[in-house]
Amino acid sequence: MPLASCYLLWSLIRRESLGLGVTAAVSSLCLAPIYADSVGSLPGAKLGIASEKPASGPFVEVDGQFMVPYNVAIPGSDVTFEMIPVAGGKFLLGSGADDGEAREDEGPQIEVNVDPMWVAKTEVNWAQYKEYMKLYAIFKEFEGRGQRLVDLNDLSDAITAPTELYEPTFTYEYGSEPQQPAVTMTQYAAQQYTKWLSLLVGGQYRLPTEAEWEYACRAGTTAPYSFGDDAKKIDDYAWYLDNCLDGLPDVGVKLPNAFGLHDMHGGVAEWTVNQYTEDGYTWLVGRDNVNALDVVKWPEESSPCVVRGGTWELEAVELRSAARLGSDDEAWKEEDPNFPRSPWWFTSDPARGVGFRVFRSFKPLDAELIKKFWEASAANTINEVETRVQSGRGGYGLVDAELPKVIEELEQ
């Protein structure tokens, strides 16, 4: 089924005040309180697009249309998430020479073009992620009944779902309340979540490239932090080592950046699709007209890959806009008793400080490119998934607009 045909009533915006109250860092992005009607009520609109300039509120004008905020309801649940429009532009990726805390892997600075996009207002929370986690048992039930069987030669409409947590008390030690950020998932699991979400509600939700993430974090600024040079202000914007002693609070509590995005600093570090590079962006030196979608080293191994933004367990300096952290499967899966180790879950710290946020491009990506965002490219991850499926400790399930109805019938 083409993704475009999946734009359903589930994806309509509910009426809700954003109440951002911050100043735009990009001239075409107006940030003021908005009470958004559903997308369907906007003339000639589709998801997140208005044909007429909104009277108020955040919007981005592109090609005579207006990108607007919108909410999406996950079908079969009362769970929603909110997407914020972000204007395109140019910026310098990485740390500048005037950043006294800059590290070798944060440079050299490269000018990057970024296309308009929507970015989730907050990181994915447990309410959202647990809707995806439920699918493992459901897919196994379908398999046992001979329903909705997957053609392994065509996985375009299929995903894997994470197996049940080996040690939930570890993952949930600091809480698993609905509005707390979801943690301990691998890059592959985050990719499959975005594919599930896209096939279910329509659109192309995905992880960001490193450049897209940093652009969204900086929100038009060039200072070490999106709020300026003064690290002492970080208490207003981030949960980190000095103010988060008893586990991680809910998403969206701290102040947003100028784009209206919360928790870009601290909270949980957020997955990108990039393989980590110790020498930073030297591989981009000499290239002209670099686009953010090109700033990707597609993973050849499952680790190290890049997470951004720092975690609630780190000091402020490690939460800077340009700060990078490479994942470490050996350390982060140290207590995993499985062989091969899980392609969906981490078992060891600092994984309880790792989550993700979803992005969506204004212009849909072609089929081959979006597939790279949704599927594993690392050979060892592909092998781990195939081994799990063949041994019965994993499986594929079809995702389409009919899935919520079939699940409901299954549960009756």
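The values are calculated or read from the model by the stated rules, or taken from the named source; none is laboratory data. The shown structure was predicted, so the numbers you read here are calculated from the model rather than taken from an experiment. For neighbour counting, all protein chains shown are included, and Cβ atoms are generated from backbone atoms with ideal geometry for every residue, glycine included. When the accessible area is computed, the model is the full protein with side chains, heavy atoms only, and any ligands, DNA or RNA have been set aside. Shrake-Rupley method; radii C 1.70, N 1.55, O 1.52, S 1.80 Å.
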Report summary line: Phi-derived 3J(HN,Hα) across the stretch 346-352 with the Karplus relation (6.51, -1.76, 1.60, θ = phi - 60°), rounded Hz, x for Gly and Pro, is 9, 10, 9, 4, x, 5, 6
Query raised in the report: About the Cα centre of the chain, what is the dipole size in debye to 20, counting +1 per Lys and Arg Cβ and -1 per Asp and Glu Cβ, all else neutral?
Result: 1240
Query raised in the report: Share of the chain's accessible area from carbon and sulfur, percent, 1.4 Å?
Result: 49
Query raised in the report: Applying 1/(1 + (r/R0)^6) with R0 = 35 Å to the Cβ-Cβ distance of E300 and L410, what FRET efficiency is obtained, to the nearest 0.05?
Result: 0.35
Query raised in the report: If you take the Cα Rg of the stretch 207-314 and divide it by 2.2 N^0.38 Å, with N the number of residues, what do you get?
Result: 1.15
Report summary line: Compactness summary of the stretch 133-218: radius of gyration and Dmax from Cα atoms, Å, are 15.7, 50
**Report entry** Restraint check, K195/K372; K195/K371; K90/K195, Cα-Cα greater than 19 Å
**Finding:** K90/K195
**Report entry** Pairs of Cα atoms farther than 31 Å apart, the chain, %
**Finding:** 35
Query raised in the report: Using Cα pairs under 8 angstrom and six or more residues apart, how large is the relative contact order of the chain, in percent?
Result: 20
Report task. Output the pairs from K121/K232; K232/K333; K130/K232 with a Cα-Cα distance over 30 Å in this structure; if there are none, say none. Result -> K232/K333; K130/K232
Query raised in the report: Projected onto the charge dipole of the chain (+1 at Lys/Arg Cβ, -1 at Asp/Glu Cβ, origin at the Cα centre), which of M67, Y281, T387 gives the Cα projection farthest towards the positive end?
Result: M67
Query - Value in Å of the Kirkwood radius, where the stretch 190-244 supplies the Cα pairs that are averaged - result: 13.7
Report task. Sequence neighbours fewer than 8 away in the same chain don't count; with that in mind, list the lysines whose C-alpha is under 20 Å from K233. Result -> K254
Report summary line: Hydrodynamic radius by Kirkwood for the stretch 43-156, inverse mean 1/r across distinct Cα pairs, in Å, is 18.6
Query raised in the report: In debye, nearest 20: dipole of the stretch 226-383 around its Cα centre with unit charges on the Cβ of K, R (+) and D, E (-)?
Result: 660
Report summary line: Each label sits 7 Å from Cα toward the beta-carbon; between S391 and D279 the label points are separated, in nm, by 3.8
**Report entry** Residue of E375, E335, E106 that the Gaussian network model of the chain assigns the largest fluctuation, springs spanning Cα pairs under 10 Å
**Finding:** E335
Report task. May I ask you to order 273-285, 359-371 by the average number of other C-beta atoms within 10 Å around their residues, highest value first? Result -> 273-285, 359-371
Report summary line: the stretch 171-294 accessible area per residue, 1.4 Å probe, protein heavy atoms, integer Å², reads 33
Query - Percent RCO, i.e. relative contact order, over the stretch 115-224, from Cα pairs under 8 Å lying at least 6 residues apart - result: 31
Report summary line: With R₀ set to 22 angstrom, the calculated FRET efficiency between the beta-carbons of L245 and Q179, to the nearest 0.05, is 0.70
**Report entry** Lys, Arg +1 and Asp, Glu -1 on Cβ, resulting dipole of the stretch 44-98 about Cα centre, debye, nearest 20
**Finding:** 100
Requested in this report: Under 12 Å from the Cβ of R357, count the other residues' Cβ atoms, weight Lys and Arg +1, Asp and Glu -1, and hand me the total.
Outcome: -1
**Report entry** Peptides ranked, highest mean first, by Cβ atoms within 10 Å: ranges 231-240, 147-156, 245-254
**Finding:** 231-240, 245-254, 147-156
Report summary line: Taking the dipole of the chain about the Cα centre (Lys, Arg +1; Asp, Glu -1; charges at Cβ), the one of F356, W239, I49 that reaches farthest to the positive side is I49
**Report entry** Convex hull of the stretch 313-412 built on C-alpha atoms - directionally averaged projected area, nm²
**Finding:** 10.4
Requested in this report: Putting +1 on Lys and Arg Cβ atoms and -1 on Asp and Glu Cβ atoms, find which of Q204, Y188, V119 reaches farthest to the positive end of the dipole of the stretch 118-237.
Outcome: Q204
Query - Per-residue [θ]222 nm for the chain (sum of -39500 (n - 2.57) over DSSP H runs n ≥ 4, rounded to 500) - result: -5500 deg cm²/dmol
